[in-house]
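For reference, the structure discussed in these notes is given below.
The values are calculated or read from the model by the stated rules, or taken from the named source; none is laboratory data. Values in this document were obtained by computation on a predicted structure and should not be read as measured data. Quick reminder, even Gly has a Cβ in these numbers, built from the backbone with ideal geometry, and neighbours come from all protein chains shown.
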Amino acid sequence: MPATVQEELSTEDRFLQAFEGLSDEAKNGTVEAVQGRRRRAIEQFEALGFPTNQLEAYKYTNVAKALRHEYRIAPAEAAPQASTEEVEALLLPDLDAHVVVTVGGRYSEERSDVGALPNGAFVGSFAEGANAHPDVFDAHYGQYADFESEAGDPEQSAMTALNAAFAQDGLFLYVPEDVALDKPVYALHLPSAGDEPLFAQPRHLFVIEENAEARLIEMRRAPEQREHAPGSFTNAVREAYVGAHGHFDHYIVQDEGAGASQHTTFDAYHETESVFDTLTVTLSGDLVRNNLTITPAGEFCESHLNGLYLGSGEMHVDNRTIVEHAAPDCVSNQLYKGILEDDATGVFNGRVHVHRGSQRINAYQSNKNIVLERSAQIYSKPELEIYADDVECSHGSTTGELDEDAIFYLRSRGIPAERARAMLLGAFARDVVESVRSEPLAAWLTDEVGARYGAGQALGVGS
Amino acid sequence: MPLLEIEDLHIGIEDTEILRGVDLNADGGEVHAIMGPNGSGKSTLAKVLAGREEYEVTQGSVHYDGEDLLEMEAEERAQEGVFMAFQYPVELPGVSQQNFLKESVNAVREAQGKEELGAADFIKMVREKSDLVDLDEALTKRSVNEGFSGGEKKRNEIFHLAMLEPRLAILDETDSGLDIDALRIVADGVNQLRDSDRAFVIITHYQRLLNYIEPDYVHAMVDGQIAKTGDKSLAVELEERGYEWLSGDGVAESKASEGNASENGAATEPEEAAVA
């Protein structure tokens, strides 16, 4: 039963109590791979507690503190609904895709429009997918976002463990060997309507097998009539496996309004000669923390991880990335850019870890920030940890204000100051936006960035 | 009334006076060259005319077409037909030159009551004007100045000038860093843009640009003042003799008579050239 949080209990105790109150589907649903871990997961969470800023990895982002208010720890509701109009309004123009929709963390069969899929592929609900492909779940669920693994960063596993204790639904994407999805998957995540703040824990699993190919665009949006109640929190966990010679593009846009906080964990593991490409765009939110860990485990892998965060108001956005170069001859390329204004705070902590014996790694990491006002803050900490001698790695971080010389140059050509600013901010974001291989998404992002800074639509991509 | 009228202009930055009373009139059809050594204030003058805000005007005035130029924002000046080619053109990664120019040209046209340029006319204009300075058309499609060579950047400035069709064009050391071929191309471009309504103010360190762009007036700027004005022959003289003979408290002959010649070892007699 949904447990209403009581103030007297410690934050962690509320979750322990809610866990003991789980019943039926929330407790026994899905497959052994999921169910069998719940008890160990809650025990681990109990031992670790929510991350506080005592932990180095959470130095600037105190999750525990952000959770001291009241909210409902929600097992996913049976079938929260959104209207067709709401969904249609949030599709991307000109994107022909397999459309999947979740509402309140629950897969919506009614609003999803998956259409025809190639043989053996599955695009849909995590809960259903588990039943349809228990063997895939056995092989992959909890293997990458693995709260039990000693190799895993203990600083990062509390939220993963909490998710594993409650995991019930979300997305499942399965593309078997030698199969390519010729259309992208468009996943729209909507909150359930209501005035009560919720604590939701969606769980997603993406399995792209050997020589398979897929592209997934995830949009977390909260349209006006369906805003998150202030204090809502989502603790999402994603896992991706990309088999040898596979290719997986994953893009996510976080734009859920000022009342919504989220902690996301995304662990991706990819095999020999595969390509994994991911982009995280954060446009709004209260507290947003993203933990992204990529492990290119075979030779000749290519990993691209890009990010764009536009902070305004009181927003706090923290991206932590880890690339585990566990195999030689791989390339990883990382570009995170942020624009911060008002009282917003941005944090970037990227770590590239080249394991012993992982020779001939090319790893690049760059974090660039523009701070528009002195009241906005940025903490940037790129890290390289290298245990091989024949590698080419670089990292860099810059933070600055808008270039006055550039603004003057534009103004001296007749372009008004405000417009000049907008053009330069659009240009700053442009290389991240252009990393997107989906044109409809790139166009949408260009417009979003332009609209944010008053540029209209004149900042064409690619011309 | 001249198009540009500078009267007793004093400019400072952080307590340092850089311009100490500059007078200059320029009218349509005229080419004025301002020459001077490093630190003489000639680039400051260009920047102040273009609208840079970090300089403080402590005295004097600048009128453009009868209006108080110093009261106008930088973008307003551009819209009213003032153009400055930068000494160090700024790289704008991610800002496509096409989009930028389209906006720039149309902002200027709109302010002047002209019709907005349609896509086809714009492309045609880009082709024509980039030809003037032999600018590779591919460069007109890239990010503004990003990855351009020094010469390409300077040519790009003249290309912008051609696109915006200003009434007052200020060239701030456009020749610096150019090899002889690039210099010739830039000069050819400028010469083709000379017209009876347009005034040029060309700021340069060296006389060689003026071999290709023939000025109507040459002004020697020393220590924040125009120490001497003459015709194109003054440029040659300045190249040969340097500026030492003009320096001092604004009166060249006093300095010269104090034995400047012995200081720089110049054998020529300064007196006759120093008549203000």
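Mind listing whichever residues of the range A:223-242 are outside any strand (DSSP E or B) and surrounded by 22 or more Cβ atoms within 10 Å (Cβ to Cβ)?
Correct list: A:HIS228 only.
Could you identify the single residue in B:ASP179, B:ASP188 that is over 14 Å from B:HIS32 (Cβ atoms), touching a residue at least 12 places away in the same chain (Cβ under 8 Å), crowded, with 16+ Cβ neighbours inside 10 Å and in contact with a helix residue (DSSP H, G or I) (Cβ under 9 Å, 6 or more places away or on another chain)?
Of B:ASP179, B:ASP188, the one residue that is over 14 Å from B:HIS32 (Cβ atoms), touching a residue at least 12 places away in the same chain (Cβ under 8 Å), crowded, with 16+ Cβ neighbours inside 10 Å and in contact with a helix residue (DSSP H, G or I) (Cβ under 9 Å, 6 or more places away or on another chain) is B:ASP188.
From A:ARG360, A:ARG289, A:ARG351, which residue is charged (D, E, K, R), touching a Pro at 6+ places or on another chain (Cβ under 9 Å) and in the same structural domain as A:HIS250 (by TED's automatic domain parsing)?
A:ARG289
From the list A:VAL114, A:VAL207, which one is at pLDDT 95 or above and either acidic (Asp, Glu) or farther than 28 Å from A:GLU85 by Cβ (or both)?
From the options A:VAL114, A:VAL207, the qualifying one is A:VAL207.
Tell me the strands (runs of 3 or more DSSP E) entirely within the range A:328-442 that contain at least 2 residues that are farther than 30 Å from B:PHE83 by Cβ, small (Gly, Ala, Ser) and touching a strand residue (DSSP E or B) at 6+ places or on another chain (Cβ under 6 Å).
Numbers: elements: A:331-340, A:345-354, A:362-371, A:377-386, A:392-400.
Where strands (runs of 3 or more DSSP E) fall fully within the range A:328-442 and carry at least 2 residues being farther than 30 Å from B:PHE83 by Cβ, small (Gly, Ala, Ser) and touching a strand residue (DSSP E or B) at 6+ places or on another chain (Cβ under 6 Å), they are A:331-340, A:345-354, A:362-371, A:392-400.
Among the residues in the range B:210-225, are any surrounded by 15 or more Cβ atoms within 10 Å (Cβ to Cβ), among the hydrophobic types (A, V, I, L, M, F, W, C), out of contact with any strand residue (DSSP E or B) (no Cβ under 6 Å at 6 or more places or on another chain) and assigned to a helix (DSSP H, G or I)?
no
Please count how many residues of the range A:186-220 are among the acidic types (Asp, Glu) and over 26 Å from A:CYS301 (Cβ atoms).
So in the range A:186-220, the residues among the acidic types (Asp, Glu) come out as A:195-196, A:209-210, A:213, A:218.
Keeping just the survivors that are over 26 Å from A:CYS301 (Cβ atoms) gives A:195-196.
Selection size over the range A:186-220: 2.
Keeping to the range B:101-143, report how many residues are without any contact (Cβ under 8 Å) to a residue 12 or more places away in the chain, away from chain A (no Cβ under 14 Å) and among the hydrophobic types (A, V, I, L, M, F, W, C).
So the count comes out to 1.
Could you grab the pairs with beta carbons closer than 9 Å, sequence gap of 6+ or different chains, first residue in the range A:24-38 and within 15 Å of A:ALA161 (Cα to Cα) and among the β-branched types (Val, Ile, Thr), second one modelled with pLDDT of 90 or more and part of a helix (DSSP H, G or I)?
A:VAL34/A:PHE126; A:VAL34/A:ALA127; A:VAL34/A:ALA130; A:VAL34/A:PHE137; A:VAL34/A:ALA164
Kindly list the number of the only condition in (1) surrounded by fewer than 16 Cβ atoms within 10 Å (Cβ to Cβ); (2) part of a loop (DSSP other than H, G, I, E, B); (3) at negative phi that fails for A:GLY115.
Here A:GLY115 meets the rest and fails (3).
How many residues are of a type outside the set (A, V, I, L, M), more than 15 Å from B:ASP134 (Cα to Cα) and touching a Ser or Thr at 6+ places or on another chain (Cβ under 9 Å) if we restrict to the range B:157-185?
Total satisfying the criteria: 5.
Residues to consider are B:GLU56, B:GLU67; find the one that is more than 16 Å from A:ILE407 (Cβ to Cβ) and out of contact with any Gly (no Cβ under 7 Å at 6 or more places or on another chain).
Numbers: B:GLU56 fails: out of contact with any Gly (no Cβ under 7 Å at 6 or more places or on another chain).
Criteria check complete, one pass: B:GLU67.
Of the numbered conditions (1) at positive phi; (2) more than 7 Å from chain A (Cβ to nearest Cβ), B:GLY94 satisfies every one except a single condition; which is it?
(2)
Filtering the range A:216-227 down to residues that are over 17 Å from A:ARG289 (Cα atoms) and in contact with a strand residue (DSSP E or B) (Cβ under 7 Å, 6 or more places away or on another chain), which residue is modelled with the lowest pLDDT?
Step by step, filter the range A:216-227, then rank; the result is A:ARG226.
Across the range B:144-171, what is the total count of residues that are more than 11 Å from chain A (Cβ to nearest Cβ), out of contact with any Pro (no Cβ under 9 Å at 6 or more places or on another chain) and either in a helix (DSSP H, G or I) or not small (Gly, Ala, Ser) (or both)?
Adding up the residues that qualify gives 11.
Which residue is surrounded by the fewest Cβ atoms within 10 Å (Cβ to Cβ), if the candidates are limited to the range A:266-288 and must be of a type in the set (Asp, Glu) and outside any strand (DSSP E or B)? Walk me through how you get there before you give the answer.
Of all residues in the range A:266-288, those of a type in the set (Asp, Glu) come to A:267, A:271, A:273, A:277, A:286.
Imposing the further condition that a residue be outside any strand (DSSP E or B) reduces the set to A:271, A:273, A:286.
Working: A:GLU271: 22, A:GLU273: 19, A:ASP286: 22.
Ranking the qualifying residues of the range A:266-288, first place goes to A:GLU273.
Within the range B:67-89, can you find the residues that are surrounded by fewer than 19 Cβ atoms within 10 Å (Cβ to Cβ) and facing chain A (nearest Cβ under 10 Å)?
B:GLU73, B:GLU76, B:TYR88
Identify all residues within the range B:36-54 that are assigned to a loop (DSSP other than H, G, I, E, B) and surrounded by 14 or more Cβ atoms within 10 Å (Cβ to Cβ); write none if there are none.
B:GLY36, B:PRO37, B:SER40, B:GLY41, B:GLY51, B:ARG52
Among the residues of the range B:219-234, count how many are among the hydrophobic types (A, V, I, L, M, F, W, C) and over 19 Å from B:ALA46 (Cα atoms). If you could, list the steps in order and put the result at the bottom.
Step one: filter the range B:219-234 for residues among the hydrophobic types (A, V, I, L, M, F, W, C), giving B:220-222, B:226-227, B:234.
Now narrow it down to the ones that are over 19 Å from B:ALA46 (Cα atoms): B:234.
Final tally of qualifying residues: 1.
State the number of residues belonging to the range A:390-409 that are within 7 Å of chain B (Cβ to nearest Cβ) and surrounded by 16 or more Cβ atoms within 10 Å (Cβ to Cβ).
Final tally of qualifying residues: 3.
Any residue in the range A:337-354 that is surrounded by fewer than 23 Cβ atoms within 10 Å (Cβ to Cβ), more than 10 Å from chain B (Cβ to nearest Cβ), touching a residue at least 24 places away in the same chain (Cβ under 8 Å) and farther than 27 Å from A:ASP286 by Cα?
There is at least one residue in the range A:337-354 that is surrounded by fewer than 23 Cβ atoms within 10 Å (Cβ to Cβ), more than 10 Å from chain B (Cβ to nearest Cβ), touching a residue at least 24 places away in the same chain (Cβ under 8 Å) and farther than 27 Å from A:ASP286 by Cα.
What are the residues in the range A:417-447 that are crowded, with 18+ Cβ neighbours inside 10 Å, within 9 Å of chain B (Cβ to nearest Cβ) and either over 23 Å from the mean Cα position of the chain (by Cα) or not hydrophobic (A, V, I, L, M, F, W, C) (or both), if any?
A:ARG419, A:ALA420, A:MET423, A:LEU424, A:GLY426, A:ALA427, A:ARG430
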